[in-house]
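Report on the following structure.
The values are calculated or read from the model by the stated rules, or taken from the named source; none is laboratory data. All values reported here derive from a predicted model rather than from experimental measurement. Cβ coordinates were reconstructed from backbone atoms using ideal geometry, including for glycine residues, and neighbour counts include every protein chain displayed. For the accessible areas, the whole protein counts, side chains as well, though only heavy atoms, and no ligand, DNA or RNA atoms are used. Shrake-Rupley method; radii C 1.70, N 1.55, O 1.52, S 1.80 Å.
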Amino acid sequence: MSDAENGAGAVGAPRPAFVLHEHLKPRHHFDLRLEEDGVLRSWALPRGLPSASSADRLAVQVPDHDLDHLAYEDADKTVADTGWWEEHDRTEHRILLTLHGRLGPRRYALIRTARGWLLHLTKEQPGPGT
């Protein structure tokens, strides 16, 4: 991944990366992986990313993955999106973040519930140049 792709700043410090994998097996789903503390924190998204703020999606936390999964692909797994992410706020029950992917920035909240996690597309979205 080039510095432009991973969002390296003017001083060359890379921003944390993310990857969205599309899996075809065992059942079609997506995996969201966020670089943090030298690993990729990972959530399986059975129905993918939400496309509207009214459509939260189940996010099943799965074991962390090695950073080499940022570009990993095989016959059943492809990279659907990649880029860098920024955290805006974090509590015990929520991570507010923006994914800066190939199609521009999108702001989400990962929300921990009593049963697991939900991924929510926020109503307020960043502008295209942010």
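How long are the three semi-axes of the equivalent ellipsoid for the chain, computed from the Cα gyration tensor as the root of 5 times each eigenvalue, in whole Å, largest first?
Each semi-axis is √(5λ); the values are 21, 19, 14 Å.
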### Message
If amide hydrogens are placed 1.01 Å from N in the peptide plane, which non-local residues have theirs closer than 5 Å to the one on Gly83?
### Response
Phe18
#### Entry: the range 30-98, dipole about Cα centre (Lys/Arg Cβ +1, Asp/Glu Cβ -1), debye to the nearest 20
400
### Query
Averaged per residue, what accessible area in Å² does the range 16-56 show with a 1.4 Å probe, protein chains only?
47
### Message
Let's see if you can work this out: charge +1 on each Lys and Arg Cβ, -1 on each Asp and Glu Cβ, no other charges. What is the dipole magnitude of the chain about its Cα centre, in debye to the nearest 20?
### Response
680
### Within the accessible area of the chain (1.4 Å probe), percent carbon and sulfur
52
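On a full-extension model of 0.36 nm per residue, what is the gain between Gln125 and Arg102, subtracting their alpha-carbon distance, rounded to one decimal in nm? Each step should come with its number before you reach the end.
On the way: separation 23, 0.36 × 23 = 8.28 nm, distance 1.57 nm.
Result: 6.7 nm gained on full extension.
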### Query
Once fully extended, how much extra length lies between Glu92 and Leu24, figured as 0.36 nm per residue of separation less the alpha-carbon to alpha-carbon distance?
21.3 nm
